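Read-outs throughout are calculated quantities, based only on the coordinates presented, and are distinct from any laboratory measurement. Nothing here was measured: the structure is a model prediction, and the numbers come from that model. Counting neighbours? That spans all protein chains shown, and the Cβs are built from the backbone with ideal geometry, glycine included.
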Amino acid sequence: MELMQNRLGCRVFACVASFVLAGCGVKANQSKISGQPTSAGLEKYSLTLIPQGTPPPGIPRAIHFTSQKQGWAISGGSPSTVGYIGSSDNSGRSWLMYAFPGVTFSILNSSNGKSVTAIGSKKQSLFMASTVNGGKSWEITLDPHPPFAAPYLKKAFPYDNGWLILSSSGRLWLYNGNGWQAIATPKRAIVKTWAVHSSIIYAVLGQDRLASTSNSGKTWHTLVDTHGSQRIKAFTTQGTNEWVLEQRAQSNQTTNTLLFSSNSGKTFSQLNTTVLPSTFVWNRIDMVNQTDGWATGGSCSDVIGNCANTLYRTTNGGRTWQQISLPSVRYRYPNKNLPPALLTGFRPAAFFSSATAMISMGYLPPNVATPTLFSTSDGGQKWIPTR
């Protein structure tokens, strides 16, 4: 499969989303229904937006499918352009795009095809857009004075009737109706990554400790502590089962160790496993149930934001792993004397089971090509592009 370079014009859809919609004369009408400022300049209001039907968004900053048909994406955005939230109900074949002028979205959180929250920045203000009815109406929160740099957020997740947000400095913050609350960590340890499961916050503190808290940081329980001998690269939970991937670097060599707990982290044991290759930097493990899961690793420059270039899967709880071949996608340069370039970077869009998954592959400017969604229903033996 080959991707052609984009050309400006309405007849070519493979543009960055801001160019597709703005450059082709597409406008999204909006009307402020209600709004009132609150304390400290915080503003909340409702919007009704008229979406535009388009081909897939240009280069999404994040993409997530909650089912094999329904998904959301965020793209575009800078202080002088437009940020977009896209909705698809046909596996990404077409999208409804909602425009937010001057907004740059960096975080996407969706639980189903009707509900989504996108968080980002409008200049230096924190900007949150949420819908629970598939985009028919949007609730907006604009905070001009967040306790962190709004343009550089890492992660957010609904928690305790509000939002748990990880800032670029590695600090956790809880935002709800009572304002902002800092989530304290032992010895002010930096949070590398975190997840919420059954109202419990799991966090990698520093680089060598996995801990949990059930009371918003008042007390923490250490689950794994390598005391600096290894770095915790990823973790995942399913019910009472937990998996922790450690990595040791020594003499220019790295070794991966996968730990497993069946009692919510009270005790861990090392899996007698065919280990994931030690030559890769593993950044994500997704267990979709107690036996089936996927692991992504590596780094790349083909995709905006976090991406990977290596994909593995397990069907026995992590004891053995199988490498998955990625779709063959080539970029054809405008100069016909240059050979096509093989694209290797991808962004996970969804993992549904050991056999079913979706990924997005794309390319960076100035040689911009539209990322293509691929799906598999046979564990990666065959990838089918979305048309």
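Structure notes:
- Long-range amide H partners of GLN70 with built H, under 5 Å: SER91
- Net length gained if the chain between ASN161 and SER269 were fully extended (0.36 nm per residue, minus Cα distance): 35.4 nm
- Sorting ILE140, ILE384, ILE119 by the number of Cβ atoms found within 10 Å of their own Cβ, with the fewest placed first, yields ILE384, ILE140, ILE119.
- Under the Karplus curve 6.51 cos²θ - 1.76 cosθ + 1.60, θ = phi - 60°, whole-Hz ³J(HN,Hα) for region 231-236, x wherever Gly or Pro sits: 9, 7, 9, 6, 8, 8
- Note on ALA341 and LYS69: the model spin-label points, each 7 Å out from Cα along the C-beta direction, lie 3.8 nm apart.
- Cut-off 17 Å, label 7 Å out along Cα→Cβ of LYS44, residues of region 121-144 by amide N: 126-133, 137-144
- Listed by chain and number, the aspartates and glutamates whose C-alpha is less than 18 Å from the C-alpha of LYS266, apart from same-chain residues fewer than 8 away, are ASP208, ASP225, GLU242, GLU246.
- Hydrodynamic radius of region 160-251 by the Kirkwood approach over all distinct alpha-carbon pairs: 13.8 Å.
- Straight-distance candidates among the aspartates and glutamates for linking to LYS114, with alpha-carbon spacing under 20 Å and chain neighbours fewer than 8 residues away dropped: ASP89, GLU139.
- The length gained on full extension between ALA355 and ILE200, counted as 0.36 nm times the residue separation minus their Cα-Cα distance, comes to 52.9 nm.
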